[in-house]
Amino acid sequence: MRQVSRGDRDAFAALVEIHAPALERFATRMLLERQRAEEVLQETLMKAWQEAARYDPEKARLSTWLHQIAHNLCIDILRRQRREQPLAENAETIIDSDESPESLVHTQETQRQVTSAVRALSQRHRTALILTYYQSLPNRDVAQIMGISVRALESLLVRARRELKTILEEST
Amino acid sequence: MKPSHSQTTLSLERAVALLDAYGALPERWPEAEREAMLALLAQSPELRAHRNAAASLDSLLDLWDPQPQVHPFSLPESLPSQQPPERRWRATFINDLLSPLVGWQRVAFAATPIMIGFFWGLQGANTVEDWSAAEFSLLNPIPEVTSNE
């Protein structure tokens with residue numbers, strides 16, 4: 001990161017290669033829309049490049065810092081979307097698979113159910129679940145990104161999973 | 001001596017809360033409680049049943065896996081200019097204020113208000129004796145006494 005802060009383009013390219021896929025998956029899950037997620041990824045990486053000198057490894061791990069930037073951008077977009085139109089109207093079900101047609105239909109259906117169940121969660125519940133479960137970030141890092149305590153995060157996670165279970169049980 | 005992770009004990013209530021929050025995979029549990037959790041799972045059939053329930057929700061959640069984009073992110077030809085490291089505003093303010101001064105001048109600048117305060121204190125506060133009778137009567141007017149005689 002020190003090299004990136006000195007304007008080393010190759011070091012930045014290496015950083016992008018390592019972190020971009022996870023950041024994109026995070027943004028896609030948060031926004032449920034691939035195009036916007038790509039925009040968030042691009043903006044996150046540009047911010048990381050511009051503000052590389054301000055990154056403090058004592059305060060946060062690099063992946064946590066990058067997720068924090070992406071998280072803030074996603075929250076801004078979601079707030080804007082909430083003002084303009086409800087999330088459910090423009091959300092996509094993102095499916096990419098090499099499975100057989102029969103099992104693909106079943107998988108697609110289940111994925112649709114999971115997507116709509118996650119979509120039904122509140123923004124904080126969804127963020128907690130995505131960062132902890134899907135991004136596999138340590139609980140302390142997730143709490144830091146969300147600006148809450150670890151106990152508060154665990155409480156959000158319990159409620160999120162309980163809500164998901166209820167929704168998924170009702171839909172099957 | 002600090003207890004090692006393996007020595008950490010976990011209540012059944014906390015173990016259930018961990019499964020409810022993080023799911024069935026040990027990799028997702030808080031590192032500090034992982035070993036104790038595994039030890040408790042080995043002992044408690046009730047906890048194992050709870051873990052199975054968490055695992056079935058996990059298996060559904062695992063189906064939602066957006067793949068990374070087909071065309072990986074490529075760096076633009078020209079990257080924007082980088083920002084300088086963040087400076088603490090207080091340090092920046094003092095540095096900017098003192099920037100035209102060097103060495104002993106900075107020390108003298110900082111010492112001036114202290115010296116003024118010191119000499120001011122030496123002079124002492126005004127005492128009642130310093131006040132003239134006229135000033136005293138202005139601040140403490142003597143009420144007029146009327147007689148009925």
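Scanning the stretch A:1-34 for residues that are more than 7 Å from chain B (Cβ to nearest Cβ) and assigned to a loop (DSSP other than H, G, I, E, B) yields A:Met1, A:Arg6, A:Asp8, A:Leu32, A:Glu33.
One line per residue, one yes/no per condition, for (1) part of a loop (DSSP other than H, G, I, E, B); (2) aliphatic (A, V, I, L, M); (3) more than 12 Å from A:Ala22 (Cα to Cα):
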{"site": "A:Ala37", "(1), (2), (3)": "no, yes, no"}
{"site": "A:Trp49", "(1), (2), (3)": "no, no, yes"}
{"site": "A:Ala53", "(1), (2), (3)": "no, yes, yes"}
{"site": "A:Asp56", "(1), (2), (3)": "yes, no, yes"}
{"site": "A:Lys59", "(1), (2), (3)": "yes, no, yes"}
{"site": "A:His67", "(1), (2), (3)": "no, no, no"}
{"site": "A:Ala70", "(1), (2), (3)": "no, yes, no"}
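Kindly indicate whether B:Pro85 is closer than 28 Å to A:Ala20 by Cβ and modelled with pLDDT of 65 or more. The answer is yes for B:Pro85.
Among the conditions (1) part of a helix (DSSP H, G or I); (2) surrounded by 11 or more Cβ atoms within 10 Å (Cβ to Cβ); (3) modelled with pLDDT under 75, B:Ala108 misses just one, which is (3).
In the stretch A:110-143, the qualifying residues are those that are among the basic types (Lys, Arg) and at the interface with another protein chain (Cβ under 10 Å from one of its Cβ atoms), and the one that is nearest to A:Asn72 (Cα to Cα) is A:Arg140.
Would you please name the residue that is nearest to A:Leu157 (Cα to Cα), looking only at residues in the stretch B:27-56 that are within 14 Å of chain A (Cβ to nearest Cβ) and among the small types (Gly, Ala, Ser)? My answer is B:Ala54.
Only one entry of A:Ala160, A:Ala143, A:Ala117, A:Ala88 meets the criterion of being over 26 Å from A:Met46 (Cα atoms) and at pLDDT 95 or above, and that entry is A:Ala160.
The values are calculated or read from the model by the stated rules, or taken from the named source; none is laboratory data. Just so it is clear, the model here is predicted, and its values are computed rather than measured. Glycine also receives a Cβ, built like all others from the backbone with ideal geometry; neighbour counts cover every protein chain displayed.
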